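Here is the structure we will look at.
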Amino acid sequence: MSEAMAIAGIEGEFTNYAAGRTWGMIATIMLVTGWTLTAILSVRRLRSERLTWWVPIVGGAVTMIVASTCLIVPLLGDPAFLEHIRQAALP
């Protein structure tokens with residue numbers, strides 16, 4: 001997260017480690033679950049000889065949106081990020 005903040009031009013260092021660890025594990029579980037469900041659905045559709053090309057695309061997109069949301073939560077609770085947002089909102 002500190003590296004992502006530096007790339008975005010946010011001064012300061014990520015300090016919300018407890019939330020980052022918790023939400024990082026949740027994001028990992030969501031990724032594994034999402035890709036596993038996508039694979040299972042794809043195989044089932046292939047075996048029943050139905051169109052399947054769209055299942056990995058949709059499954060991957062949904063999985064990435066959910067996992068990315070999980071990773072954004074601790075960032076929104078970080079004081080350096082919130083200060084950057086507050087400074088950007090001021091004229």
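Each reported figure results from applying straightforward, stated rules to the coordinates on display, with no laboratory input. Not measured: the values here are computed from a predicted model. All Cβ positions, glycine included, derive from the backbone under ideal geometry; neighbour counts span all protein chains shown.
What distance in nm lies between label points placed 7 Å from Cα along the C-beta direction at V58 and T22?
Label at V58, label at T22, 3.4 nm between them.
Which whole number in µm²/s is D for the chain by Stokes-Einstein, with the Kirkwood Rh taken over Cα pairs at 4 °C and 1.567 mPa s? Let's see the in-between values first.
Values: Rh = 15.2 Å.
Translational D for this selection: 85 µm²/s.
Considering only DSSP states other than H, G, I, E and B, which GluC sites (Glu not before Pro) in the chain qualify as loop sites with at most 10 other Cβ atoms within 10 Å?
On the way: sites: E3, E11, E13, E49, E83; in loops: E11, E13, E49.
Taking the chain and a limit of 10 other Cβ atoms within 10 Å, the loop GluC sites (Glu not before Pro) found are E11, E49.
Loop only by DSSP, 16 or fewer other Cβ within 10 Å of the Cβ. Give me the trypsin sites (Lys or Arg not before Pro) in the stretch 27-91 that pass, ordered by residue number. Spell out each step's value before the answer.
Working: sites: R44, R45, R47, R50, R86; in loops: R50.
In loop regions of the stretch 27-91 (DSSP not H, G, I, E or B), the sparsely surrounded trypsin sites (Lys or Arg not before Pro) are R50.
With labels modelled as points extended 7 Å from the Cα through the Cβ direction, what inter-label distance (nm, one decimal) is found for I85 paired with A8?
So the two model labels end up 0.9 nm from each other.
Using Cα centres only, tell me the gap between the stretch 48-82 and the stretch 12-46 in whole Å.
Between the Cα centre of the stretch 48-82 and that of the stretch 12-46, the gap is 8 Å.
Which net charge results for the neighbourhood of M1, defined as the other residues with beta-carbon distances under 13 angstrom from its beta-carbon, given Lys and Arg at +1 and Asp and Glu at -1? Write out the running numbers ahead of the final one.
Values: positive: R21; negative: E3, E13, D78.
Here the charged neighbours net out to -2.
When all alpha-carbon pairs of the stretch 50-91 are counted, what percent fall beyond 17 Å? It would help to have the intermediate numbers written out before the result.
Values: 470 of 861 pairs.
Above the 17 Å cut-off, the stretch 50-91 has 55 percent of its Cα pairs.
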